[in-house]
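Step one of this worksheet: look at the structure below.
Every number here is computed from the coordinates shown, using simple stated rules; none is lab data. On a predicted model such as this, the values are computed, not experimentally measured, just so you know. Methodologically, a virtual Cβ is constructed for each residue, glycine included, from the backbone with ideal geometry; neighbour enumeration extends over all protein chains shown.
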Amino acid sequence: MVQIDTRSEIRELLKEKGVKPTVHRVEILEYLRNTYSHPSADEIYEHFVREQKLSVLSRATVYNTLRALADAGLVKVIITPDAIRYDFVRENHHHFYCTKCKKIYDIELNVELPNISNIDGHEVHNVQLTLVGICKNCLGH
């Protein structure tokens with residue numbers, strides 16, 4: 001589990017992963033750490049434009065930053081039918097995707113996933129479990 005309390009720790013984490021701790025990378029990683037909404041790249045961009053936290057920011061910078069953070073294993077890429085979304089890498093958890101409201105929820109599941117490092121000649125780096133259905137809010141519960 002990755003625990004981060006300060007920006008200096010975020011910078012150190014980036015350095016440990018071999019990623020240069022630019023202002024954009026630190027800000028975007030901190031934002032992802034503090035949100036549980038699993039935002040898309042466009043939503044991240046719109047957040048920073050709305051908050052006016054970064055004076056110079058383009059959509060391309062957001063996409064490139066997210067790619068660098070994902071390549072370093074600091075951000076998880078979640079592919080849904082409506083968008084590619086991003087999640088800060090936390091303690092191992094799974095996701096539930098609502099087909100009605102399009103939200104992604106973190107869920108705790110006591111499911112033992114097999115430790116697969118090689119299957120059919122493929123090298124497996126990560127196993128993600130996403131349950132798909134209609135959330136309790138959309139069901140009216």
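The protection proxy used here, the mean number of other Cβ atoms lying within 10 Å of each residue, ranks peptides 99-109, 18-28, 46-56 as follows, highest first: 18-28, 99-109, 46-56. The alpha carbons of the stretch 7-88 stretch over 33, 27, 22 Å along the principal axes, in descending order. Projected label points at residue 34 and residue 115, each 7 Å from Cα along the beta carbon direction, are separated by 3.8 nanometres.
Placing R0 at 22 angstrom, the Cβ-Cβ distance between residue 134 and residue 47 gives a FRET efficiency of 0.25 after rounding to 0.05. At full extension, residue 108 and residue 54 could sit 16.0 nm farther apart than now, given 0.36 nm per residue minus the alpha carbon distance. Per-residue Cβ neighbour counts within 10 Å put 124, 62 in the sequence 124, 62, beginning with the fewest. Distance between the C-alpha centres of the stretch 13-28 and the stretch 36-112: 17 Å, rounded to the whole angstrom. The fewest-to-most ranking of 122, 38 by surrounding Cβ atoms within 10 Å reads 122, 38. Quick check: from the Cα gyration tensor, does the stretch 42-81 come out rounded (a/c under 1.5), prolate or oblate? Judged from the Cα gyration tensor, the stretch 42-81 comes out prolate (a/c at least 1.5, a/b above b/c). Taking label positions 7 Å along the Cα-Cβ direction at both residue 125 and residue 6, the computed distance is 3.2 nm, reported to one decimal. In the neighborhood of residue 19, defined by Cβ-to-Cβ distances under 15 Å, what is the net charge if each Lys or Arg adds +1 and each Asp or Glu adds -1? For residues surrounding residue 19, the net value is +2.
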